[in-house]
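As structure tokens, the structure follows; a few thoughts come after it.
The values are calculated or read from the model by the stated rules, or taken from the named source; none is laboratory data. These figures come from a predicted structure and were not determined experimentally. With ideal geometry, Cβ positions are generated from the backbone for all residues, glycine too; neighbour counts draw on all protein chains shown.
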Amino acid sequence: MAARKRRRMARRGYILLLVLACIALAFALILTLRRMHKRQDAEMVDTVSGIETIPTVGSDQPIEDPSDPISTEDPATTTTYLESVAPATTGRMSASGSMRCDTQHIFVRVANSKEVPVRVSAGVSMDDISFDVDDPDVAFVTEDGEVIGLQRGNCHVMIRYKEETLAVPVTVRELHVENGCTYVDDILVANKSYSLPPEYDPGLLPETEQAFERLCGDAAYEGLEIFSHSDYRSYDFQQKVYGSMVSGYSKEYADTVSARPGYSEHQTGYTIDCNTPDNSFAETDEGKWLAENCWRYGFIIRYPLGKEAITGYDYESWHIRWVGKDAAKEMYDLGLTLEEYLDIDSYYHDDVEETSPADEDDAEDADEATQPLTAPDWDDVEE
Ligand SMILES: [Zn+2]
């Protein structure tokens, strides 16, 4: 009897041990599975952003926002959401079309800010849009989508709405002054905001001259005659032109037809006026060819039509500026003026009290110097 009882006890012990072992095994299995799942999710987020570490933690995780409907859902739903995240779209429109950016590329200077021009489709609230950057050393973005340049370089601003991500390239530029000349990154600037010193007197620079020779040669090959009407102008020359306009008429009138000394782009050594300094040139075969092709040689049409308020000058179809092939191509492709490309303004700062930049209707060139001075005619202001 006692032996049977002992055997039964032993069997019960085995069963208990087996059950315990099963429970332990199940626990271990669950833990392992959960850990694997977590790692998968983390990898998913990284692939989506293309960023290893995002300083603004949570901006790509809408679950942290209590106002976001997703945050009220259970973890299982969140997992599904993360797995369905689409890769970031680079460009102007997000993959599912819920949001678009009105610029292809944001150019901003160090310490300046630029608004990310985001538009959302019907039914999408701007409150649900979040922003972050993929290189926090280069730029910072506020939660309202204001990009602030921190240091010279390139990065992307990531615009996010639920599972959609739109990546817009950002270039942060740096302005520096060297011997009285202003450079933004490596481009010398002369406009109504940034002047050149009297001693900057390089003449027409060889890179400009050589590029222009190639341009003229290729145009000639197509039966077109492009030539230089005028190119380099020194500070002293510009002073004479402008001074004679001021003494003959008035400062106000002089400012409409001539650049102030130091403010003419012709003093940079990078500028050429082609053929006829008159906008009838734009309608000629030469004018059309120049507008379409000058970027191939590193030139830009410096004062384009429709950008008068930005450049501070009337449209000048004949005035080209050498900036180098890469910059010229980028400006041509994006349809930007030098001011937009470098994130600078162009207006006479001491005139701020009198006129706003948009009201100014000034002309850059001083070809009047070689023309007889006639009574000012506001409808016939020629370059
Ligand atoms: Zn000119």
Of (1) within 12 Å of the ligand (Cβ to nearest atom); (2) over 21 Å from His105 (Cβ atoms); (3) in contact with a Ser or Thr (Cβ under 9 Å, 6 or more places away or on another chain), Glu316 satisfies every one except (3)
From the options Val120, Val124, Val141, Val133, residue that is farther than 25 Å from Tyr332 by Cα and in contact with a Ser or Thr (Cβ under 6 Å, 6 or more places away or on another chain)
Val124
Only one residue in Tyr242, Tyr263 is in contact with a Lys or Arg (Cβ under 7 Å, 6 or more places away or on another chain), under 17 Å from Pro197 (Cα atoms), in the same structural domain as Glu199 (by TED's automatic domain parsing) and in a loop (DSSP other than H, G, I, E, B). Which one?
Tyr263
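Residues checked against (1) of a type in the set (A, V, I, L, M, F, W, C); (2) at pLDDT 95 or above; (3) within 16 Å of the ligand (Cβ to nearest atom):
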residue	(1), (2), (3)
Ile272	yes, yes, yes
Trp289	yes, yes, no
Glu292	no, yes, no
Lys307	no, yes, yes
Tyr332	no, yes, no
Thr337	no, yes, yes
Glu340	no, yes, no
Glu353	no, no, no
Ser356	no, no, no
May I ask you to verify whether Phe237 is touching a Pro at 6+ places or on another chain (Cβ under 9 Å) and buried (at least 16 other Cβ atoms within 10 Å of the Cβ)?
yes
Does Glu174 meet the test of being of a type in the set (Asp, Glu), within 30 Å of Pro197 (Cβ to Cβ) and touching a strand residue (DSSP E or B) at 6+ places or on another chain (Cβ under 7 Å)?
yes
I need every pair where a residue in the range 284-299 that is in the same structural domain as Glu330 (by TED's automatic domain parsing) and in contact (Cβ under 8 Å) with a residue 24 or more places away in the chain has its Cβ under 8 Å from the Cβ of a residue that is small (Gly, Ala, Ser) and in a strand (DSSP E or B), sequence separation at least 6 or different chains.
Gly287/Ser317; Leu290/Ser317; Ala291/Ser317
Do the conditions hold for Met93, that is, is it among the aliphatic types (A, V, I, L, M), assigned by TED's automatic domain parsing to the domain that holds Val168 and at pLDDT below 90?
yes
Quick one: is Asp278 within 15 Å of the ligand (Cβ to nearest atom) and either closer than 22 Å to Ile226 by Cα or outside the structural domain of Glu213 (by TED's automatic domain parsing) (or both)?
yes
Restricting to the range 250-278, count the residues that are in contact with a strand residue (DSSP E or B) (Cβ under 6 Å, 6 or more places away or on another chain) and either among the charged types (D, E, K, R) or over 27 Å from Gln239 (Cβ atoms) (or both).
2
Unique match (being in the same structural domain as Glu330 (by TED's automatic domain parsing), more than 24 Å from Arg296 (Cα to Cα) and part of a strand (DSSP E or B)) among Thr182, Thr165:
Thr182
Can Phe227 be described as crowded, with 21+ Cβ neighbours inside 10 Å, in contact (Cβ under 8 Å) with a residue 24 or more places away in the chain and either hydrophobic (A, V, I, L, M, F, W, C) or farther than 23 Å from Leu290 by Cα (or both)?
no
Going by what's in this entry, would Pro261 be described as more than 24 Å from the chain's Cα centre (by Cα) and within 16 Å of the ligand (Cβ to nearest atom)?
yes
Filtered residues of the range 241-256 (kept if within 23 Å of Pro202 (Cβ to Cβ) and either within 14 Å of the ligand (Cβ to nearest atom) or surrounded by 15 or more Cβ atoms within 10 Å (Cβ to Cβ) (or both)):
Val241, Tyr242
Enumeration of residues in the range 192-220 that are touching a Lys or Arg at 6+ places or on another chain (Cβ under 9 Å), surrounded by 17 or more Cβ atoms within 10 Å (Cβ to Cβ), modelled with pLDDT of 95 or more and more than 15 Å from Trp322 (Cβ to Cβ)
Ser195
